[in-house]
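Down below is the structure, laid out as structure tokens.
The values are calculated or read from the model by the stated rules, or taken from the named source; none is laboratory data. Predicted, not measured: the structure shown is a model, and the values here were computed from it. Because the Cβ atoms are built from the backbone with ideal geometry, glycine has one as well, and the counts that use them run over all protein chains shown. What goes into the accessible areas is simple: the full protein's heavy atoms, side chains included, and nothing from ligands, DNA or RNA. Shrake-Rupley method; radii C 1.70, N 1.55, O 1.52, S 1.80 Å.
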Amino acid sequence: DSLMGNREISYEDKALIDEALLIAKGDPERVLIEATKVLSALSGLAAVATTSPGNDARIHKIKFISVSRYISMLILITSTGIVKNKLFHCDYVLTTEILNVFEIALNEKLSGFPLKDITPAFIQTTAISLSDLALLLPNVLAALMEAAKEAAKTFFALEGQMNLLFLNEDFDILNAKNAIRFLLSGDEITALLLSRPNKTAVLIGGEIGNPLLSNISIVSARYMISDQVAGSLAIIGPTRMDYAKATTVIKYTSDSVSDIITELINI
């Protein structure tokens, strides 16, 4: 951690990362998927991306888009950059004016509210508090509750795990299998990455805390949205990986992911 010097990201690496993330700019989850793909390609190793648990997320914004006269789409955007869409049907014509009323009312009531608290009981209380407007909202509130339930789940993307089977002779098939099992578990590596106190972290062998992973290293970086930790990216490989390269590309990628998702949710 102390001996490795800083290295500027190369023009070629920067261009590849920018191009990969630009493709997915309209969808936060796809941004994370493309981030793992480009990190795996640049490192020749495995890469993961994970969001923070839904317990940490709050409602950032609710939007509505008309689909047809009687069907519209509710869009839930969270403080951690997750976007979930739900269609709903009503027995009356959903005009632009009605959807605007829904949007204003729900954002005034729910902006900043924790996802974990969007329960059936809370939805019922919210409906009561909206008085006469609640008569128009049963299907809208049901869609909101389903969207919140989905948004509260941790998103996890994994790319390049098979690369670990074809590394140097110091990293044998047993090491590769242990690493792949660890990665496929999802929950274990998510908890590990989100427990790191620093924005960028390097875990080497025994620092991971699992004896089966003593020949594995993890280089990770958190990405932020409005100064809140929204998730983590990581490169996973043998202890003899190129740490300077891995740290450089993951720092740039995490900063780019932060900027793209922050811009997207504030549109």
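Could you tell me what percent of the accessible area of the range 2-142 is made up of carbon and sulfur, with a 1.4 Å probe and every protein chain present?
Details: 4060 of 7290 Å².
Roughly 56 percent, rounded to a whole number.
Taking only DSSP H segments of four or more residues, each worth -39500 (n - 2.57), what value at 222 nm results for the chain once the sum is divided by all its residues, to the nearest 500 deg cm²/dmol?
It comes out at -13500 deg cm²/dmol, rounded to the nearest 500.
Kindly report the accessible area of the range 1-134 per residue (heavy atoms of protein chains, probe 1.4 Å, no ligands, DNA or RNA), in Å².
52 Å²
Stretched out fully, how many nm does the piece from S195 to K25 gain, at 0.36 nm a residue minus the Cα gap?
Roughly 58.4 nm would be gained on extension.
Tell me, in nm to one decimal, what length is gained between K153 and D172 on full extension, where the rule is 0.36 nm per residue of separation less the Cα-Cα distance?
That works out to 3.4 nm of additional length.
Would you give the gap between the C-alpha center of the range 219-242 and the C-alpha center of the range 130-164, rounded to a whole Å?
Spelled out, the Cα-based centre of one part sits 25 Å from the other.
Non-local amide H neighbours of K199 (under 5 Å, H modeled in plane, Pro and chain starts lacking H): which ones?
HN-HN under 5 Å from K199: empty list.
Among (i) 21.4, 71; (ii) 77.4, 223; (iii) 22.6, 70, which is the computed Rg and Dmax of the Cα atoms in Å?
Matching entry in (i) 21.4, 71; (ii) 77.4, 223; (iii) 22.6, 70: (i).
Looking at this model, which pairs from K25/K177; K86/K245; K25/K245 are more than 32 angstrom apart at the alpha-carbon?
Numbers: K25/K177 34 Å; K86/K245 41 Å; K25/K245 25 Å.
Too far apart for the 32 Å limit: K25/K177; K86/K245.
Could you tell me how many cubic angstrom of Cα convex hull volume the range 42-169 has per residue?
Considering the Cα atoms of the range 42-169, their hull volume per residue is 131 Å³.
Mean projection of the alpha-carbon convex hull of the range 116-191 over all orientations, in nm²?
Approximately 6.9 nm², given one-decimal rounding.
Could you tell me the relative contact order of the range 140-235? Use alpha-carbon pairs under 8 Å, at least six residues apart, and round to a whole percent.
The value is 19 percent.
Multiply the residue gap between I98 and R7 by 0.36 nm, knock off their C-alpha separation, and tell me the result in nm, one decimal place.
Details: separation 91, 0.36 × 91 = 32.76 nm, distance 5.44 nm.
Between I98 and R7, full extension yields an extra 27.3 nm.
Can you compute the modelled spin-label distance between T119 and R181, with each label point 7 Å from Cα toward Cβ, in nm?
So the label points at T119 and R181 sit 3.8 nm apart.
Please give the FRET efficiency for D18 paired with N266, using the beta carbon to beta carbon distance and R0 = 30 Å, rounded to the nearest 0.05.
Between D18 and N266 the formula returns 0.90.
Ignoring ligands, DNA and RNA, what percent of the 1.4 Å accessible area of the range 148-267 is carbon and sulfur?
53 percent
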